[in-house]
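Each value in this text was obtained by applying a stated rule to the coordinates, not by laboratory testing. Because the structure is a prediction, the values reported are computed rather than measured. Glycine gets a Cβ as well: all are built from the backbone with ideal geometry, and neighbour counts include every protein chain shown.
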Amino acid sequence: MNLLAMDAEQPAANIPPPAGAAAPGAPRRPVVMSVRGLRAGYAAGAQALQGVDLEIRERTVTAIIGPSGCGKSTLIRCLNRMHEVIPGAWCEGDVRLGGRDVLQLDPVVLRREVGMVFQRPNPFPTMSVFQNVASGLVLNGERDRAKIAERVEESLRRAALWDEVKDKLDKPGTGLSGGQQQRLCIARALAVEPRVLLMDEPCSALDPLATARIEELLLQIKDQLTIVIVTHNMQQAARVSEYTVFMLMGELVEYGETQAIFTQPSDKRTEDYITGRFG
Amino acid sequence: MSGHPARRKRTNALMLGLTALCALLSASALFAILGYIAWKGASAVSWAFLTRLPVPVGETGGGIANSVLGSLEVVGLAALIGVPVGVLGGVYLAEYGRGRLAFWVRYAADVLNGVPSIVVGLFAYALIVLPMKRFSALSGSVALSVIMVPVVLRSTEDFLRLVPGTIREAALALGVPRWKVTLRVVLPSASRGILTGALLAVSRVAGETAPLIFTAFGNTFWGRGLLEPVATLPLTIYNYAISPYDDWHRQAWAAALVLMLFVLAVNLAARLWLRPRAAN
Ligand SMILES: Nc1ncnc2c1ncn2[C@@H]1O[C@H](COP(=O)(O)OP(=O)(O)O)[C@@H](O)[C@H]1O
Ligand SMILES: [Mg+2]
């Protein structure tokens, strides 16, 4: 920690007031996912999560911040069990989705309820724009063409991409710009109608304009589903989230309403991080 | 760093020249072979040559129609057996194979790739010809498919490994079962490469002669089904070439030209197929 740090009372620099913050005193939404004593790691290397406790509330945006390597990706990948896809990865603890034990669920069923958007846009290279969005439905056996077409349009609209691609639905998805590809991936995830959408640094490969469009769309869809977004852009966390989680070295340091975390963090390490003194 | 500058430069020029010469030599071998075969064989190739049966020595106007058809039959059936086995094995190695079994399969495939083709022919002879007490197109196909499998297997594995892991993750995260991710997302992403590998394997076995000597055996008439001996281009070329007759020698050259063009066409198709398409 930086000894040249300025007065600790000074509020975080350059952080706009949290637009997405819940109105003070508003009733808390019900918990949709809860995590208790979650520990996780990889075949090689040290343990990545040292016992994390967390509650994610329905139809809110929760941001996870922290320096790289602190376990943000590991944490959200445990929520839809994408963590176990990595050979040798392990996790233990109690993760619940609406009361059901996530570790006992069929991962295939779980992942339809808890969708994911990755750091780099990853549209399927052999598929058109339309097929990409429809893929989750089609690969899971949906045959009703009218229903598929309807869901594709609806998902593209929710991902704020419809107007840009409605004339090139049968062009390859990989032919779009980076920002469009990422919104395509969001539409693809939305088309399965998940309850929870996990996003792992979805804007880190995008330019500021494309980033702004994604933040905008998050604010639009957040009253329809629960969003957990990993970001190491603190302004972004402040702009889009109601709740913020701060992690450090595999531990959850602080968790609370975004406004509170950014204006009066209760842990010295959180304060140091959001004022840019380390990380 | 060491040596005289002028001498170093001379050595450099010499080495460069030598490597260029060798590169040129290896490339020109192809054109020399092609040119020579065309020169010797082109005059005997005609529509009648391609569509007629062989005639006894002394008569003129014989063709190689039965060999062309036999080759297509034997190689086609070999591909029907060898390509699926190779592709599925390659899928196993690339998508699921991490343990000891995968290591041994991979190792066995590489060794099999180096087994002399006449040994493979003997294997098919012992496995099929002896128990059935007859030479057959089927036994020839089995021999060729044994040669194809390791080629297809390893090329399938290689092309599947080129499919980025993020694609698999994206599909898994949509709640798609693993086997469907492999079948519907990963395999199509690698399909051009896999098909290319299969075509190269076809062009490789189309010219194999040794494994057919005591399996497909040869036939001066049309083959009568998979369980009968059948004429194939490489064996016909061999038989004609070692005969004492000038007319047969000419036909051997012509048949060689036909075979060469077939192999070349398949090869070219495979490479054109793999060439990245212009982005639209
Ligand atoms: N596939 C992996 N194999 C081994 N260690 C890993 C792997 N992925 C991440 N780790 C380690 O786990 C820790 C947490 O990583 P991660 O969750 O990716 O952090 P973050 O997303 O916050 O940057 C890091 O120390 C990282 O090196
Ligand atoms: Mg990460």
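A crude spin-label estimate for the pair B:ALA102 and B:VAL119, with each label 7 Å from Cα along the Cβ direction, gives 2.7 nm.
Give me the extension gain from A:ASP53 to A:ASP207: residue separation times 0.36 nm, minus the current Cα-Cα distance, reported in nm with one decimal.
Numbers: separation 154, 0.36 × 154 = 55.44 nm, distance 3.34 nm.
Working it through step by step, the gained length comes to 52.1 nm.
Among beta bridges from DSSP that stay inside the stretch A:31-274, the antiparallel ones total about 60%.
Using the Karplus relation 6.51 cos²θ - 1.76 cosθ + 1.60 with θ = phi - 60°, the per-residue 3J(HN,Hα) values for the stretch B:202-216 come to 4, 5, 5, 7, 4, x, 5, 10, 3, x, 9, 4, 10, 10, 5 Hz, with x marking Gly and Pro.
Here the relative contact order of chain B, from alpha carbon pairs under 8 Å that lie six or more residues apart, stands at 25 percent. Oblate is the label for chain B, because the ratio a/c of its alpha-carbon gyration tensor axes (a ≥ b ≥ c) is 1.5 or higher and a/b is not greater than b/c.
Residues of A:122-132, mean number of Cβ from any other protein chain within 10 Å of their own Cβ, rounded to a whole number? Intermediate results must be reported in sequence, preceding the final value.
Details: counts 9, 2, 8, 6, 11, 4, 0, 0, 0, 0, 1.
Average neighbour count from other chains, rounded to a whole number: 4.
Inter-label distance, B:LEU69 to B:ARG134: 1.8 nm, where each label sits 7 Å from its Cα along the C-beta direction. The Cβ shell under 10 Å around B:THR182 holds other residues with a net charge of +3, Lys and Arg each +1, Asp and Glu each -1.
Report for the stretch A:110-239 the percent antiparallel among DSSP-assigned beta bridges with both residues inside it, nearest 5. Kindly include the intermediate steps, with their values, before the conclusion.
Working: 1 of 10 bridges.
If I count the DSSP bridges inside the stretch A:110-239, around 10 percent turn out antiparallel.
Evaluated over the Cα positions of chain A, the convex hull gives a direction-averaged projected area, one quarter of its surface, of 15.5 nm².
What residues have an amide H closer than 5 Å to that of A:THR275, excluding those fewer than 5 places away on the same chain, when H is modeled at 1.01 Å from N in the peptide plane? Those lying under 5 Å, H to H, from A:THR275: there are none.
Residues with beta-carbon under 14 Å from that of B:ASP247, excluding B:ASP247: net charge, scoring Lys, Arg +1 and Asp, Glu -1? Kindly include the intermediate steps, with their values, before the conclusion.
Values: positive: B:LYS40, B:ARG52, B:ARG250; negative: B:GLU59, B:ASP246.
Within the 14 Å Cβ shell, the charges total +1.
Along the Cα-to-Cβ line of B:LEU50, 7 Å from the Cα, sits a label point; which residues in the stretch B:219-233 have backbone N less than 18 Å from it? From the stretch B:219-233, the list is B:232-233. Calculate the length of the line joining the C-alpha centroid of the stretch B:36-95 to that of the stretch A:188-266, in whole Å. Result: 63 Å between the Cα centres.
Measuring between their Cα centroids, the stretch B:123-179 and the stretch B:208-252 lie 28 Å from each other. Each of the chymotrypsin sites (Phe, Trp or Tyr not before Pro) that DSSP puts in a loop and that has at most 16 other Cβ atoms within 10 Å breaks chain B; the longest unbroken stretch is B:1-220.
List the relative contact order of the stretch A:171-237 as a percent without decimals, with contacts defined as Cα pairs under 8 Å and 6+ residues apart. Don't jump to the answer; show the numbers that get you there.
On the way: 47 pairs, mean separation 25.5, N = 67.
Reported relative contact order: 38 percent.
Considering only B:GLY193, B:ALA171, B:VAL181, the residue lying farthest towards the positive end of the dipole of chain B is B:ALA171, judged by Cα position with unit charges set on Cβ. Contact order for the stretch A:118-226, expressed relative to its length and based on alpha carbon pairs under 8 Å spaced 6+ residues apart, stands at 39 percent. Considering only beta bridges that DSSP places wholly inside the protein assembly as shown, some 55 percent are antiparallel.
FRET efficiency for B:LEU21 and B:LEU183, Cβ-Cβ distance as r, R0 = 56 Å, nearest 0.05? Intermediate values should be presented prior to the final figure.
On the way: r = 49 Å, r/R0 = 0.88.
So, using R0 = 56 Å, E works out to roughly 0.70.
Go through the stretch B:162-266 and name the trypsin sites (Lys or Arg not before Pro) that are in a DSSP coil and have 11 or fewer other Cβ atoms within 10 Å of their Cβ.
Values: sites: B:ARG168, B:ARG178, B:LYS180, B:ARG184, B:ARG192, B:ARG204, B:ARG224, B:ARG250; in loops: B:ARG224.
Within the stretch B:162-266, the qualifying trypsin sites (Lys or Arg not before Pro) (loop, at most 11 other Cβ atoms within 10 Å) are B:ARG224.
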